[in-house]
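Report on the following structure.
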Amino acid sequence: MINRLLFNFEELPEIQPLLEDQNVQIRQQIEYSTTITGRPLPEIQWLKNQKPLNASPPHIQIETTQDEVIKTVLRIDNIQSDDDGSYTIRVKNRAGQKESSSKLTVLAKLAFLKAFKDENVIQGQPITFQCQIEAIPKPKVTFYLNDQELKSAGKIKVESKGDTHILSFSKVDLIDSGIIKAIADNGLDKDEISAKLNVCLKPSLVGKPTDAQVSIGQPARLQCSFTGLPMPELKWSRVDGQPLNEGIEIANDENQGIAALVFNATTMADKGAYLVKATNVVGTVEQKLNLDVKG
């Protein structure tokens, strides 16, 4: 009789509902809630990857209430990638032990957190393109130049450091101009970014221009040539800071790199030093030319 009463008094622990595997997006919240029964009421323990969650991080909270049954909740706020793992509730009393587990898979939709931008680089100089990607699972990132895949070799280095993916040129040549593209693919999502790489040449003077000397009333022309990539913008001014006199024609041909200042009929006021400035995205060069007007 006594044995029968003891048998009726002790009941194996039960977990209802059992934990189920979960997929959750990064920075979201998840909650495991279950009810524990048994006689005597069981002891409960939450574990992650079979290690107790007694000293859990601040964003993981365990709430347990006890009456005729035990209700327990494990809540994870602002889920991060390192929260991925197996979560287990283990319950035991004198009658025995039970446990239930859930595989928590943290996912992050693939997104470029930091993209690279268009770059103007002088021929022979180094350049680096970097992008930062959030994605779980971790993506494969492939770089392209004008739709040709780039791999580490020679002057090119492709590497990844955490969620940052890097394409480096130790130097660039004119043939490297074009569209740089990064394609990220983790099997669930795929995305890409692109930017222009412009390999440039600083403006430079072509040849040796000469000053002009004319008699008053005669026409005159000051001219010099420049090259550069892209071809430079050309601007004339007087060295003394005064505006150009009326009747002076600016006859530049920027497509050909020719800077020309035309005087149809010179006056004594036209006498002086003139400055032409050639400018593109990577540099500037100046050239001074003198006009001497004799009375």
Problem - Signed unit charges on C-beta, dipole axis of the chain, positive-most listed residue ALA273, THR88, GLN25 - result: ALA273
Exercise for the section: From the C-alpha gyration tensor of the range 115-201, pull out the three semi-axes of the equivalent ellipsoid (sqrt of 5λ each), sorted largest to smallest, in whole Å. Expected result: 24, 12, 11
Practice task
Taking 7 Å along the Cα-to-C-beta vector as the label spot, tell me the ALA273-ASP240 distance in nanometres, rounded to one decimal.
Solution key: 1.2 nm
Handout entry: Alpha carbon centroid spacing (whole Å) that separates the range 104-179 from the range 229-250
Key = 42 Å
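With r defined as the distance between the Cβ atoms of THR142 and GLU99 and R0 fixed at 45 Å, what FRET efficiency is calculated, to the nearest 0.05? Don't skip to the answer; put the middle values down first.
Values: r = 44 Å, r/R0 = 0.97.
The value I calculate is 0.55.
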Handout entry: Ratio Rg/Rh [Cα only; Rh per Kirkwood] for the chain
Key = 1.44
Handout entry: Cα Rg, Dmax (largest Cα-Cα span) when computed across the range 207-294, Å
Key = 12.9, 40
Practice task
Can you spot the lysines whose alpha carbon is less than 23 Å from LYS202's alpha carbon? Ignore those fewer than 8 places along the same chain.
Solution key: LYS117, LYS155, LYS171, LYS235, LYS277, LYS288
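List the relative contact order of the chain as a percent without decimals, with contacts defined as Cα pairs under 8 Å and 6+ residues apart.
13 percent
Compute the Rg/Rh shape ratio of the range 224-275: radius of gyration over Kirkwood radius, all on alpha-carbon atoms. Walk me through the numbers on the way to the answer.
Details: Rg = 12.1 Å, Rh = 12.0 Å.
Here Rg/Rh amounts to 1.01.
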Completion exercise
Checked against the positive end of the charge dipole of the range 2-108 (+1 on Cβ of Lys and Arg, -1 on Cβ of Asp and Glu, about the Cα centre), the farthest of THR35, LEU74, LEU12 is LEU12
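Which value, in Å to one decimal place, does the Kirkwood hydrodynamic radius take for the range 1-99 when every pair of different Cα atoms is included? Provide the component values of the computation, followed by the final result.
Values: mean 1/r = 0.0680 Å⁻¹.
Answer for the range 1-99: a Kirkwood hydrodynamic radius of 14.7 Å.
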Practice task
Please list 45-51, 239-245 highest first by mean number of surrounding beta-carbon atoms within 10 Å per residue.
Solution key: 45-51, 239-245
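Only the coordinates and a few stated rules stand behind these numbers; no lab work does. Remember, it's a predicted structure, so these values are computed and weren't measured experimentally. We place every Cβ from the backbone using ideal geometry, glycine too, and count neighbours over all the protein chains shown.
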